[in-house]
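The values are calculated or read from the model by the stated rules, or taken from the named source; none is laboratory data. Source: prediction; values computed, not measured. Note that each Cβ is placed from the backbone with ideal geometry, even for glycine, and that neighbours are counted across all protein chains shown. All accessible areas refer to the heavy atoms of the entire protein, side chains included, with ligands and DNA or RNA removed. Shrake-Rupley method; radii C 1.70, N 1.55, O 1.52, S 1.80 Å.
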Amino acid sequence: MSIELLREIQRRRAFAIISHPDAGKTTITEKLLLFGGAIQLAGAVKAKKSQQSARSDFLGIEKDRGISVSTAVMSFEYRDLALNLLDTPGHNDFSEDTFRTLTAVDSVLMVIDAAKGVETQTRKLLEVCRLKRTPVITFINKLDMDCMEPLDILDNLERELGMKCTPFTWPIGMGPHFKGVYDLRDRTVNFYLAAARGRRNDREILTDLENDTAKELLGTDRQKLVDEIELLQGAADPWDPVRFSRGQLTPVFFGSALNNFGVKELLDCFCDLAPAPQPRETTVRVVEPEEEKFTGFVFKIQANMDKNHRDRMAFLRITSGTFRRGMRLQHVRTGKEVQVRNAMTFLARDRSIVEEAYPGDIIGIPSHGGIRIADAFTEGEKLEFTGIPSFAPELFRRVRLRDPMKSKQLQKGLEQLCEEGAAQLFRPLIGSEYIVGALGTLQFDVIEARLREEYSVDASFEGLSLTICRWVHFAKPELQRTFENSYTKDLFTDGAGHLCLLTETRFRADYLADKNPGVTLTATVELH
Ligand code: G4P
């Protein structure tokens with residue numbers, strides 16, 4: 001193993017920010033990019049919402065709605081680290097892509113709105129982190145607004161997410177009375193007003209909360225702080241790096257992203273705590289990042305990144321070795337060898353051709369189709385990465401074709417669009433209709449618009465009362481025929497040919513699983 005490779009691996013951090021819409025993910029992202037020097041101007045990321053960035057808002061639908069549908073990656077340097085921030089769409093209509101992005105990171109920053117506590121989208125995303133034992137660092141945002149009591153927030157986090165909390169900072173007051181945060185490790189107070197006035201170094205050292213300065217500066221909040229610190233010493237879980245690395249315990253920070261308060265402390269601590277690129281499991285062995293030979297897997301496919309080229313971009317997480325421009329790689333699923341000359345990296349809002357990249361980096365490989373999610377690229381070894389799932393959609397719609405002469409184009413369009421992974425295509429065992437399943441309603445509008453624009457197919461969607469999808473597995477192959485004969489009208493095949501049960505209630509799915517020993521129904525399926 002070369003020292004150069006080892007050094008590059010050690011300084012990489014691949015992470016994602018997860019939150020419920022409006023908790024402040026965009027605002028924090030912007031501050032992180034500012035600290036990293038990747039953008040010069042506050043507002044550059046936020047502008048995306050209203051002005052549209054050239055990077056990802058490529059669809060008419062995105063323009064109409066003023067939101068960014070696609071997940072992208074932003075790379076920036078901070079201290080001596082190379083940080084790769086994978087963006088997860090923060091609006092209500094998030095898709096499977098959002099979930100799958102979490103397979104490509106080594107840690108996660110979770111942003112919680114201090115007034116609202118844990119909300120649905122955060123809960124769903126954190127479930128995936130817990131399954132994958134991804135370390136999570138928590139930022140409680142919007143302390144400058146009226147919010148929940150900090151102890152209640154911790155309680156809410158622990159109960160809702162099943163993860164223990166170790167506060168690293170503690171807020172003093174809130175809303176109009178927000179004074180700052182107390183650093184529980186080095187016992188200093190970071191005053192909000194000093195920071196707001198731009199005097200970032202105006203940081204009082206208060207090792208002793210009993211002294212006169214502390215009394216004067218903290219006023220009536222001092223006693224509450226002293227009491228809470230005492231309470232925390234007994235009640236909060238002590239810091240434990242091993243439990244953190246297993247996703248069982250999260251360090252918690254408080255602040256206000258909008259006012260850039262507490263974000264730098266968060267970033268510094270993130271850099272100290274977040275793990276370097278981790279090994280990845282495959283069907284044959286565990287791949288270690290330090291291995292000389294290149295390996296990587298595709299976790300996301302995005303269409304038409306560049307309006308001028310109707311291309312797709314396959315986002316690949318490098319898992320071992322060094323990527324060099326022009327190197328020949330094997331596309332394991334197809335067995336084809338490809339020379340990769342035009343892979344891209346993503347620096348904040350720009351993309352450029354990558355000359356060299358390392359484990360923990362994300363590169364974009366332009367493709368005209370043929371690359372699928374979970375595909376592995378290697379220097380010849382035949383392996384497939386595990387743990388890249390497809391998630392059960394929760395909304396289902398039947399496709400209605402307005403011009404029956406276009407059925408071939410419809411099939412091609414649906415297959416290709418669903419191959420990108422934001423929605424799934426199902427066909428019934430009997431019959432010829434198409435059912436599209438997704439996690440958010442927006443995906444249906446995107447598909448309808450793209451069928452029209454890219455495939456000249458005029459189709460619409462019709463609502464269905466189905467809500468549950470389960471992949472069907474048989475302990476013995478002979479069970480399959482009986483099951484298919486008994487429940488034909490509930491059974492479908494997905495885009496990869498797996499058998500699925502689509503039904504209206506969870507109760508019915510559970511009932512069928514109980515009634516049929518040897519048949520297992522799962523809410524996720526491995527993609528390889
Ligand atoms: P998101 O990406 O998670 O959806 O959230 P985003 O950062 O867009 O923040 C949602 C709203 O909350 C924004 O206001 C933002 O300015 C505000 N916000 C973020 N952090 C803080 C904070 O620490 N304190 C307070 N008071 N507000 C915060 P908006 O009105 O929806 O957008 P804008 O007009 O500010 O762009």
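Points to keep in mind about this one:
- Considering segment 349-370, and only residues there that are more than 17 Å from the chain's Cα centre (by Cα) and assigned to a loop (DSSP other than H, G, I, E, B), the residue that is farthest from S465 (Cα to Cα) turns out to be E355.
- Filtered residues of segment 9-27 (kept if near the ligand (Cβ under 6 Å from one of its atoms) and either over 21 Å from K142 (Cβ atoms) or of a type outside the set (A, V, I, L, M, F, W, C) (or both)): S19, P21, D22, G24, K25, T26, T27
- Among the residues making up segment 502-528, those that are in a loop (DSSP other than H, G, I, E, B), open to solvent by 70 Å² or more (accessible area, probe 1.4 Å) and more than 23 Å from I373 (Cα to Cα) are E504, P517.
- When segment 129-149 is limited to residues that are assigned to a helix (DSSP H, G or I) and open to solvent by 10 Å² or more (accessible area, probe 1.4 Å), the one that is farthest from I388 (Cα to Cα) turns out to be R130.
- Checked against the criteria, R312 does not count as at pLDDT 95 or above and away from the ligand (no atom under 16 Å from the Cβ).
For every residue, the table says whether it meets (1) modelled with pLDDT of 85 or more; (2) open to solvent by 20 Å² or more (accessible area, probe 1.4 Å); (3) under 15 Å from L439 (Cβ atoms).
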position	(1), (2), (3)
S95	no, no, yes
S107	yes, no, no
I112	yes, no, no
K116	yes, yes, no
R123	yes, yes, yes
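- In segment 32-43, residue modelled with the lowest pLDDT [restricted to those that are within 13 Å of the ligand (Cβ to nearest atom) and open to solvent by less than 20 Å² (accessible area, probe 1.4 Å)]: L33
- Single unsatisfied condition, I373 versus (1) assigned to a helix (DSSP H, G or I); (2) within 18 Å of T295 (Cβ to Cβ); (3) among the hydrophobic types (A, V, I, L, M, F, W, C): (1)
- Whichever residue in segment 158-177 is in a loop (DSSP other than H, G, I, E, B) and open to solvent by 10 Å² or more (accessible area, probe 1.4 Å) and, among such residues, is farthest from the ligand (Cβ to nearest atom): G162
- Per the conditions (1) more than 16 Å from the ligand (Cβ to nearest atom); (2) not in a helix (DSSP H, G or I), the sole criterion not satisfied by D155 is (2).
- Residues that are among the β-branched types (V, I, T) and closer than 25 Å to D80 by Cβ, drawn from segment 254-295: V263
- Of the residues in segment 180-192, not one is open to solvent by less than 10 Å² (accessible area, probe 1.4 Å), under 24 Å from T319 (Cβ atoms) and not small (G, A, S).
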